[in-house]
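Written below as structure tokens is the structure these notes are about.
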Amino acid sequence: MLVSCKYCGGLHERGTVCPKKPNSNKKGTKIDKFRWSKTWQKKRLEINERDKFLCQVCLQEGKYNYKDLSVHHINSLLESWDKRLDNYNLITLCREHHKEAEQGKIEKDYLFELVEAIEED
């Protein structure tokens, strides 16, 4: 039985894999697998809750920013894999401040100080 192919628009025998079908590479890297894990999803929510769903750098500037948030690894996954779930290595940042932190425009020591103050409360 011939069926219509959504990849090339032609006809193939049922069960035939079209050569134009894109490869689905869901394997990912070690870091990708970590980011997809339930463990990370749970930890990310925990850190967002700890930080009251606010960018911690904006908060220091007197702004309450709760948009476009992500949890940032102060010491990156590549340099400190063993600290990937350490509360003291994680902080909630908005998109802009996350980008600046990744580029080194926001000092790691400053971010660690912010986290330390949060954890002491």
Flagged in the stretch 1-60 as more than 22 Å from residue 78 (Cα to Cα) and aromatic (Phe, Trp, Tyr), in numbering order, are 7, 53
Mind listing just one residue for me: the one in the stretch 22-40 that is open to solvent by 100 Å² or more (accessible area, probe 1.4 Å) and either modelled with pLDDT of 90 or more or within 15 Å of residue 90 (Cβ to Cβ) (or both) and, of those, nearest to the chain's Cα centre (by Cα)?
-> 35
Screening 54, 93 for residues that are within 18 Å of the chain's Cα centre (by Cα) and outside any loop (DSSP other than H, G, I, E, B) leaves only 93
Of residues in the stretch 64-107 being touching a residue at least 24 places away in the same chain (Cβ under 8 Å) and basic (Lys, Arg), the one surrounded by the most Cβ atoms within 10 Å (Cβ to Cβ) = 84
Residue that is nearest to residue 114 (Cα to Cα), among those in the stretch 45-63 that are open to solvent by less than 50 Å² (accessible area, probe 1.4 Å) and among the aliphatic types (A, V, I, L, M) | 57
Are any of the residues in the stretch 12-34 β-branched (Val, Ile, Thr) and under 30 Å from residue 1 (Cβ atoms)?
-> yes
Hey, residue 116 hits all of (1) in contact with a Ser or Thr (Cβ under 8 Å, 6 or more places away or on another chain); (2) in contact (Cβ under 8 Å) with a residue 24 or more places away in the chain; (3) open to solvent by 50 Å² or more (accessible area, probe 1.4 Å) but one; which does it fall short on?
-> (1)
Could you tell me which of the residues 3, 17 is in a loop (DSSP other than H, G, I, E, B), at pLDDT below 95 and of a type in the set (A, V, I, L, M)?
-> 17
Restricting attention to the stretch 41-53, does a residue exist that is of a type in the set (D, E, K, R), touching a residue at least 60 places away in the same chain (Cβ under 8 Å), touching a strand residue (DSSP E or B) at 6+ places or on another chain (Cβ under 9 Å) and under 22 Å from residue 121 (Cβ atoms)?
-> yes
Selected residue (only one of 27, 63, 42, 67 is in a loop (DSSP other than H, G, I, E, B), out of contact with any Lys or Arg (no Cβ under 9 Å at 6 or more places or on another chain) and basic (Lys, Arg)) | 63
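The values are calculated or read from the model by the stated rules, or taken from the named source; none is laboratory data. Computed from a predicted model, the values in this text were never measured in an experiment. Note that we place each Cβ from the backbone using ideal geometry, even for glycine, and neighbour counts take in every protein chain shown. The area values use the complete protein model at the heavy-atom level, side chains included, leaving out ligands, DNA and RNA. Shrake-Rupley method; radii C 1.70, N 1.55, O 1.52, S 1.80 Å.
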